[in-house]
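Note sheet for the following structure.
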Amino acid sequence: MEIKLKINGINKEVTIKDGEYLQSALKRLGFLNVRKGCETGSCGLCTVLLNGKPTLSCSTLAVRGIGKEITTLEGESVEVAKFAEVLTDEGADQCGYCSPGFTLTVIAMKRELESPTIDEIKHYLTGNLCRCTGYMGQLRAVKKYMEVK
Amino acid sequence: MFTIKQHLMAQSIEEGYETLVKNRNNMILGGTGFLRLGNKNINIGIDLSNLELDYIREGEDNIEIGPMTTFRSIETNKLLKENFDGVVAKSVEEIVGIQLRSVITAGATVASKYGFSDFITALLSLDTHIELYKGGILSLEEYLSEEKVPKDILVKIIIKKDGKRAAFKAMRNSKSDYAILNCAVSCLDGEYRVAVGARPGRAVVKIINNDELINNIDKKIEEVVDEMKFGTNMRASGKYREMIAKVLIRRSIEELK
Ligand SMILES: Cc1cc2nc3c(=O)[nH]c(=O)nc-3n(C[C@H](O)[C@H](O)[C@H](O)COP(=O)(O)OP(=O)(O)OC[C@H]3O[C@@H](n4cnc5c(N)ncnc54)[C@H](O)[C@@H]3O)c2cc1C
Ligand code: FES
Ligand code: FES
């Protein structure tokens, strides 16, 4: 099936198989930052933004991306650089496998929540698993980036 | 592995229904969060996402939820936060993460009668009806009591706006895990509707009148819990669930007093 997808602001013609998921289509197109961890909808590694909303690309059919703005890490270079800096400052960059999905969720959160509490931040980030950091460093970095105490 | 041989973007519910009943392996696609965990070979996957079935609307005395509405919309919707002490919105907020909740849909969850469902338990504590394309409108309780899941399309969830107060509680081993037990209690004019789910079977509902609680609340709750069956699975034993149920029901009632 030929479909049109708008990825990081650029319209692309994409050939997909019926029933193909967005994660695999994006990967085929060379967006290697769209990772896959569990493939069951539990880890958040495959997160992309659909119209600005963090969404699991492993659980979203590619056709559901038609007519929407799809954003991967490459489409958010300015915010990504900002967040990467605080993340490394806090020593919370380890293997980095979870970083793309996590970073996109944090960026979306900053736009969506106004002066959130720590509990609201944790609630927003619950769907992002990380097997290395133990989360404390990440949380320090997020607080800094969100400018909350 | 789950496969879809052919994807159909349905142009109408009628077309979706006609396709659904044509072949045993044709299936409606909700958010496909759950379907993909199985190994079904779907012949035609029927996609309803172009039919504007993603809405939460206020009617004269109802709140109507479209089947393609995602749990994230339910969680953040103002109308659902403001009515029934926000019980419907609260029931979905611990389901995995916001990314999954942006995918999974209300209609699929209710239509499938999932026993573990937190959302169904909340709906069951309220005056909720569902509308099936062929089967028409029936109460959620009636729908759940039928063993089989009908070959039909759930087109609407209808909650009566009758001013009920309500509370939702769930017991999870860790945040975002499936509930070991969940419970929603509503209260109106001295009548408590107590819904309990993840027993691990389908949610059930019992009614308690206020005057039955006055003398001995624990005894009454015990009676109600005795009438519900609790099962054992990998998450917890039936006995444990029964004990948790009593605590969650009691806390919910206290909250509504
Ligand atoms: C990792 C994970 C964890 C979860 N944890 C929880 C939890 O803790 N608590 C909880 O309550 N739920 C949980 N769920 C389940 C979730 O709430 C949804 O119920 C589930 O994902 C189904 O929704 P869906 O949109 O993905 O449906 P799909 O997977 O698309 O469909 C499921 C079924 O519904 C049918 N269907 C879809 N739409 C309709 C319709 N309109 N009419 C008739 N039939 C229809 C489909 O044909 C299919 O048989 C979890 C799901 C996942 C993937
Ligand atoms: S790979 Fe998508 S949620 Fe884990
Ligand atoms: S840094 Fe390794 S998974 Fe998060």
Check your understanding: Under a straight-distance cross-link criterion of Cα-Cα below 16 Å, which lysines are reachable from residue A:144, leaving out those fewer than 8 residues away in the same chain?
Key -> A:82, A:110, A:122
Check your understanding: At a 1.4 Å probe, which residues in the stretch A:106-128 are at least 20 Å² less accessible with all protein chains present than in their chain isolated?
Key -> A:112, A:123, A:124, A:126, A:127
Review point. Which number do you get for Rg(Cα) / (2.2 N^0.38 Å) in the stretch B:149-257?
Key: 1.14
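Hey, got the average number of other protein chain Cβ atoms within 10 angstrom for residues in A:50-59?
Going residue by residue through A:50-59 and averaging, the value is 6.
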Practice item. Anything losing 30 Å² or more of accessible area from the isolated chain to the full protein assembly: pick those residues out of the stretch B:1-40, probe 1.4 Å, ligands and DNA/RNA ignored. Key: B:4, B:7, B:32, B:36, B:37
Check your understanding: Considering only protein heavy atoms, what per residue accessible area in square angstrom results for the stretch A:1-146 with a 1.4 angstrom probe?
Key -> 46 Å²
Review point. If one takes the accessible area of chain A alone plus chain B alone and subtracts that of the pair, with a 1.4 Å probe, what total in Å², rounded to the nearest 100, results?
Key: 2100 Å²
Review point. So, with +1 on the Cβ of K and R and -1 on the Cβ of D and E, and no other charges, what is the size of the charge dipole of the stretch A:39-97 about its Cα centre, to the nearest 20 debye?
Key: 440 debye
**Study point:** Kirkwood Rh in Å, taken over the stretch B:62-164 so that all alpha-carbon pairs contribute
**Key:** 13.6 Å
**Study point:** Neighbour cut-off at most 11 other Cβ (10 Å), DSSP loop, GluC sites (Glu not before Pro), the stretch B:22-85
**Key:** B:52, B:60
Practice item. Would you work out the charge dipole size for the stretch B:111-183 about its Cα centre, treating the Cβ of every Lys and Arg as +1 and the Cβ of every Asp and Glu as -1, and quote it to the nearest 20 debye? Key: 260 debye
Point to revise | Hits among lysines - C-alpha to C-alpha of residue A:12 under 19 Å, sequence gap 8 or more where chains match | key: A:4, A:27, A:68
Check your understanding: Hey, what angle do you get for helix B:217-226 against the long axis of chain B, alpha-carbon based, 0 to 90 degrees rounded to 10?
Key -> 40 degrees
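Using unit Cβ charges (K, R positive; D, E negative) and no other charged atoms, how large, in debye to the nearest 20, is the dipole of the protein assembly as shown about its Cα centre? It would help to have the intermediate numbers written out before the result.
Values: 57 positive and 55 negative charges, 253 e Å.
That gives the protein assembly as shown a dipole magnitude of about 1220 debye.
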Check your understanding: Picking from B:56, B:137, B:217, which is most flexible by a Gaussian network model of chain B using Cα springs under 10 Å?
Key -> B:217
Check your understanding: So, by mean Cβ neighbours within 10 angstrom, what's the order for B:10-17, B:103-110 with the highest one leading?
Key -> B:103-110, B:10-17
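Per Stokes-Einstein, at 25 °C and 0.890 mPa s, what whole-number D in µm² s⁻¹ belongs to the stretch B:1-93, with the Kirkwood radius over Cα pairs as the hydrodynamic radius?
For these conditions, the coefficient is 165 µm²/s.
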**Study point:** Buried on assembly, the stretch A:18-46 (at least 20 Å² less accessible surface than by itself, 1.4 Å probe)
**Key:** A:18, A:19, A:21, A:39, A:40, A:41
Check your understanding: If you project the alpha carbons of the stretch A:1-77 onto their three principal axes, what span does each projection cover, largest first, in Å?
Key -> 30, 29, 20
Practice item. Quantify, in whole percent, the carbon and sulfur part of the accessible surface of chain B (1.4 Å probe; protein heavy atoms only). Key: 46 percent
Exercise for review: Return the carbon/sulfur percentage of the accessible area of the stretch A:1-118, one whole number, probe 1.4 Å, all protein chains in place.
Suggested key: 51 percent
Exercise for review: Find the accessible area per residue for chain B; the probe is 1.4 Å, ligands and nucleic acids are left out, and the unit is Å².
Suggested key: 45 Å²
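The values are calculated or read from the model by the stated rules, or taken from the named source; none is laboratory data. Everything numeric in this text was worked out from a predicted model, so none of it was measured. As a convention, Cβ positions derive from the backbone with ideal geometry for all residues, glycine included, and neighbour counts pool all protein chains shown. When the accessible area is computed, the model is the full protein with side chains, heavy atoms only, and any ligands, DNA or RNA have been set aside. Shrake-Rupley method; radii C 1.70, N 1.55, O 1.52, S 1.80 Å.
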